[in-house]
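A.B. asks: Just passing along the structure, written as structure tokens.
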Amino acid sequence: MDGIVGIYGPHDREIVNKAFLATGACQHRGKASTGIAVGSSKGIYIHKDLGRIAEVIDSRLVKIFQDLSPQAVIGNIGYTKNAVAEKINVEPVEIVPYSGSDYQVVITMDGYLTGEDELIEELSGDYNFQTNNYTEVVGALLHKYISEEGICFAAGERLSEKLEGRATFALAALVYDGKETHLITLNDTNAFEPFCYGIMDNAFIASSESCSHRRLGGTIQKEYDGAEMSICNSSGIETRRVRIRQMTPDVFQAVYFGNVASLFRGKEIFQIRRELGHKLAESYKDTSADIVIPNPESGWGVSVGLAEGLKKSLYPALIKLPQAVRTFQEGTGQTRTKEVGLKFGGIDSILGNRRVAMGDDSIVRGSVSEGGSVWVVYNAGAKYIEFWISYGAMFFPSFKEWHRGIKCLNELAVQRAFKNDTPYDKSLDEINRAIAKLVGVDEVRYNTLEGIKAVTGDGSFQALDASYPISEKYWPDFIKAEVERYKKYR
């Protein structure tokens with residue numbers, strides 16, 4: 001879930017600062033690292049390090065890069081890809097061919113690649129891989145196709161075809177041909193990863209989210225459709241789709257990962273979350289709660305919708321404390337448990353002796369709720385908790401977790417609640433009761449897949465129904481077996 005930005009504006013005297021601001025707007029997507037690459041008529045220059053953007057890039061560096069007469073800039077906010085963040089894997093990444101090349105390519109990417117070992121073996125005779133970051137593999141393929149086709153849409157078409165069914169991505173790349181720096185942007189055929197673009201003050205700006213454009217005082221022109229590519233250079237700016245397939249955007253980006261002010265397939269994310277709350281209230285109708293509270297921060301949208309639908313007062317009675325960190329990015333259960341204990345504070349005067357409807361976006365592993373927010377609300381005096389969840393029961397792990405093996409399946413809350421059994425033949429009421437017992441609340445009320453689709457439209461709901469954007473040939477055996485069990489009952 002990296003945040004990426006690409007800007008082309010050879011006459012823009014603020015292009016580097018714009019890249020800094022636009023990249024920084026995506027900060028919620030990652031905390032591990034930051035990088036920026038600046039392309040001019042003389043080549044491409046990179047600065048990157050571990051840490052948040054304000055720790056890595058300062059005003060002095062922005063001025064130095066701006067003095068290079070830049071033509072294009074790309075930026076990255078890095079999600080924690082590995083258990084321990086390493087500087088060698090920070091993006092953007094420069095592609096290093098063994099033999100001389102007419103092109104210098106520097107790339108950053110939001111997305112994921114499966115079956116990368118096969119591609120590395122295919123490319124290892126021509127490219128000197130410097131990282132264990134799959135972005136470099138995709139970049140080597142891009143370099144190969146540009147070397148063979150030139151800087152053109154045919155190169156993008158070949159990359160899209162090569163990666164179809166084995167990767168999801170949105171990428172921004174700088175390509176220097178000895179005369180000028182070109183900006184290339186491209187996403188996967190599913191449009192799985194969010195990606196959008198617009199033109200502001202004669203500068204072309206592509207970003208993981210529309211919040212980047214808003215940070216610069218403008219709005220996007222559109223969200224990229226599947227396999228849509230932009231090429232920006234001195235000849236102009238052109239965008240076209242290089243392959244046309246049915247799009248399956250990742251709906252969970254709207255439910256949880258996205259910035260509330262960003263758009264998801266043309267709809268503001270906050271309003272999506274609010275409408276999911278309306279759907280929940282419409283589905284369950286009644287409540288014994290006195291008040292509605294959000295499980296911050298991404299639980300705010302659904303809680304607003306719940307309060308409106310249930311006609312109950314909404315209070316910010318559960319607060320994310322200043323020392324809180326984003327525990328979803330922590331890989332070990334022990335670390336997550338310790339950190340969620342520091343994450344929340346409850347307001348006794350609001351919660352004391354109250355029956356509470358608490359809204360949240362989802363329950364993945366359940367550790368944040370189980371070890372943090374639930375305990376805090378009860379400890380503040382609440383006598384009853386209904387836990388209303390905007391997403392459905394998550395049976396399957398994201399394909400981006402497959403590399404961790406079967407534990408990424410077994411640690412899911414639904415799987416833990418039905419250990420030594422199967423959740424797939426259970427009714428929604430049975431699942432609600434089992435999860436309530438697991439996380440320690442009086443009631444859980446999940447949304448349904450039908451209710452979610454009515455708000456978000458079609459897309460990938462991989463955690464709910466195994467609608468993975470990855471071809472089955474790349475599925476690990478434990479996922480194949482689990483999906484077969486699912487199909488047996490559903």
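Every residue, every condition in (1) at pLDDT below 95; (2) within 16 Å of the chain's Cα centre (by Cα), yes or no:
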site: Thr219; (1), (2): yes, no
site: Tyr224; (1), (2): no, yes
site: Ser230; (1), (2): no, no
site: Arg243; (1), (2): no, no
site: Thr248; (1), (2): no, yes
site: Phe252; (1), (2): no, yes
site: Tyr256; (1), (2): yes, yes
site: Ala281; (1), (2): no, no
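A.B. asks: Being at pLDDT 95 or above and either within 19 Å of the chain's Cα centre (by Cα) or outside the structural domain of Val455 (by TED's automatic domain parsing) (or both) is the filter here; which residues of the stretch 402-427 pass it?
C.D. replies: Hits for the stretch 402-427 are Trp402, Cys408, Leu412.
A.B. asks: If you don't mind, another one. Quick check: is even one residue across the stretch 151-162 touching a residue at least 60 places away in the same chain (Cβ under 8 Å), surrounded by fewer than 24 Cβ atoms within 10 Å (Cβ to Cβ) and in contact with a His (Cβ under 7 Å, 6 or more places away or on another chain)?
C.D. replies: Within the stretch 151-162, one or more residues are touching a residue at least 60 places away in the same chain (Cβ under 8 Å), surrounded by fewer than 24 Cβ atoms within 10 Å (Cβ to Cβ) and in contact with a His (Cβ under 7 Å, 6 or more places away or on another chain).
A.B. asks: Kindly indicate whether any position in the stretch 463-480 is in the same structural domain as Asp286 (by TED's automatic domain parsing), closer than 27 Å to Asp286 by Cβ and either in contact (Cβ under 8 Å) with a residue 24 or more places away in the chain or over 28 Å from the mean Cα position of the chain (by Cα) (or both).
C.D. replies: From the stretch 463-480, those in the same structural domain as Asp286 (by TED's automatic domain parsing) are 463-480; that's our starting set.
Imposing the further condition that a residue be closer than 27 Å to Asp286 by Cβ reduces the set to 464.
This time we only want the ones that are either in contact (Cβ under 8 Å) with a residue 24 or more places away in the chain or over 28 Å from the mean Cα position of the chain (by Cα) (or both), so: 464.
Yes.
A.B. asks: Here is a follow-up. Any idea which of Val62, Val38, Val73, Val16 is over 22 Å from the mean Cα position of the chain (by Cα) and part of a strand (DSSP E or B)? Before you say what the answer is, go through the steps one by one.
C.D. replies: Details: Val62 fails: part of a strand (DSSP E or B); Val73 fails: over 22 Å from the mean Cα position of the chain (by Cα); Val16 fails: part of a strand (DSSP E or B).
Just one listed residue meets the conditions, Val38.
Residue by residue, here is whether (1) in contact (Cβ under 8 Å) with a residue 24 or more places away in the chain; (2) assigned to a strand (DSSP E or B); (3) surrounded by fewer than 18 Cβ atoms within 10 Å (Cβ to Cβ) holds:
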residue	(1), (2), (3)
Ser212	yes, no, no
Gly217	no, no, yes
Ile220	yes, no, no
Cys232	yes, yes, no
Arg240	yes, yes, yes
Arg243	yes, no, yes
Thr248	yes, no, no
Val255	yes, no, no
Asn259	yes, no, no
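A.B. asks: What's the number of the condition Gly359 fails, among (1) part of a helix (DSSP H, G or I); (2) surrounded by 16 or more Cβ atoms within 10 Å (Cβ to Cβ); (3) modelled with pLDDT of 95 or more; (4) small (Gly, Ala, Ser)?
C.D. replies: (1)
A.B. asks: Do we find that Thr189 is part of a loop (DSSP other than H, G, I, E, B) and within 23 Å of Cys232 (Cβ to Cβ) in this structure? Reasoning before the result, please.
C.D. replies: Values: part of a loop (DSSP other than H, G, I, E, B): yes; within 23 Å of Cys232 (Cβ to Cβ): yes.
Taking the combined requirement at face value, the residue satisfies it.
A.B. asks: State yes or no: is Lys18 at pLDDT 95 or above, closer than 24 Å to Cys196 by Cα and assigned by TED's automatic domain parsing to the domain that holds Tyr134? Outline the logic, then answer.
C.D. replies: Details: at pLDDT 95 or above: yes; closer than 24 Å to Cys196 by Cα: yes; assigned by TED's automatic domain parsing to the domain that holds Tyr134: yes.
Yes, satisfied.
A.B. asks: Take the stretch 443-490 and flag every residue that is of a type in the set (Ser, Thr, Tyr), modelled with pLDDT of 95 or more, in a helix (DSSP H, G or I) and closer than 28 Å to Leu276 by Cα. Spell out how you get there, then give the answer.
C.D. replies: Of all residues in the stretch 443-490, those of a type in the set (Ser, Thr, Tyr) come to 446, 448, 456, 460, 467-468, 471, 474, 486, 489.
Restricting the remaining residues to those that are modelled with pLDDT of 95 or more gives 446, 448, 456, 460, 467-468, 471, 474, 486.
Then drop every residue that is not in a helix (DSSP H, G or I), which leaves 456, 474, 486.
Selection gives Thr456, Tyr486.
A.B. asks: Tell me, which helices (runs of 4 or more DSSP H) lie completely within the stretch 372-428 with 3 or more residues that are under 29 Å from Lys473 (Cβ atoms)?
C.D. replies: Details: elements: 374-379, 407-410, 413-417.
The qualifying helices (runs of 4 or more DSSP H) are 407-410.
A.B. asks: Right, next: Of all residues in the stretch 247-264, which are out of contact with any helix residue (DSSP H, G or I) (no Cβ under 8 Å at 6 or more places or on another chain) and not hydrophobic (A, V, I, L, M, F, W, C)? Spell out the reasoning first.
C.D. replies: Taking the stretch 247-264 as the starting set, the residues that turn out to be out of contact with any helix residue (DSSP H, G or I) (no Cβ under 8 Å at 6 or more places or on another chain) are 247-249, 253, 256.
The answer is Thr248, Pro249, Gln253, Tyr256.
The values are calculated or read from the model by the stated rules, or taken from the named source; none is laboratory data. For clarity, every value in this text was computed on a predicted model and none was experimentally measured. In this analysis, Cβ positions are derived from the backbone assuming ideal geometry, glycine residues included, and neighbour counts consider all displayed protein chains.
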